[in-house]
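One structure is given here, and the rest of the page talks about it.
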Ligand SMILES: [Zn+2]
């Protein structure tokens, strides 16, 4: 097959990065889901300097079918939930560098807010409008579905899977007036029935399991590596090379150990 990657006899590997918001932190914003604009821009510039090119999910699908080529170092940046901040702080940065990307929309909340987070006391953030979705689709950003209501799909009956998966595709197609071919599972949750629906309705579906995608990766369980806002460029290096960051896992372990040690100390102090 003639692709830019096959010239080097390397199998194509596609790191997919997962972001949510890109914008300044508001009171009660979930800091783990909000990348600061300056930091995001530095991450994109870092990718550009290292020769990465941002592609859309449909580019990967076309390549798998033998209908298109890939850049030598492809990466797909994905943004779950469709925050309106993206149109201000993220998509213009990607457009400047000629990067494609994917934004996954919760179709009952277009121009609404992230209702599903607010129950947990988190801040409300505005989500993209139909006009913003259409404008950025025309500028090369691919829009996919992220269900109608952002529910976990695990254990849902067939009629609700139909509404959340097929229904959200129809909602988004009515806005874009073109086929919608990709999907992301809310919370990364799925079961066999949900994957079956995704397989019927879309070319690709993204999980939140980590790793690099290759030709062998199940297209309806694409792997993604979530970029945690406060981490370093070494984490990003690991994420694009290996699909996960051992530094992140190490920090979590150390954090857990510190908390356990502190809990033990309190127990001992109280017991003495
Ligand atoms: Zn989500």
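Read-outs: derived from the displayed coordinates by stated rules, not from any lab. For clarity, every value in this text was computed on a predicted model and none was experimentally measured. All Cβ positions, even for glycine, are placed from backbone atoms using ideal geometry, and neighbour counts span all protein chains on display.
Before moving on, here are some points about what is shown:
- Burial ranking of peptide ranges 234-246, 102-114 (average Cβ count within 10 Å, highest at the top): 102-114, 234-246
- Among 209-218, 122-131, the peptide with the highest mean count of other Cβ atoms within 10 Å heads the list, and the full ranking is 122-131, 209-218.
- Note on the stretch 155-222: Cα-Cα pairs beyond 13 Å make up 63% of the total pair count.
- Using C-alpha pairs below 8 Å separated by at least 6 residues, the relative contact order for the chain is 19 percent.
- Taking all pairs of distinct alpha-carbon atoms in the stretch 96-239, Kirkwood radius in angstrom: 16.2 Å
- Cα centroids of the stretch 220-267 and the stretch 27-92: 20 Å apart.
- Helical runs assigned H by DSSP (4 residues or longer) give the chain a calculated mean residue ellipticity at 222 nm of -11000 deg cm²/dmol, each run adding -39500 (n - 2.57) before division by the residue total.
- Per residue, the average separation of C-alpha pairs within less than 8 Å and at least 6 apart gives the stretch 199-252 a relative contact order of 30 percent.
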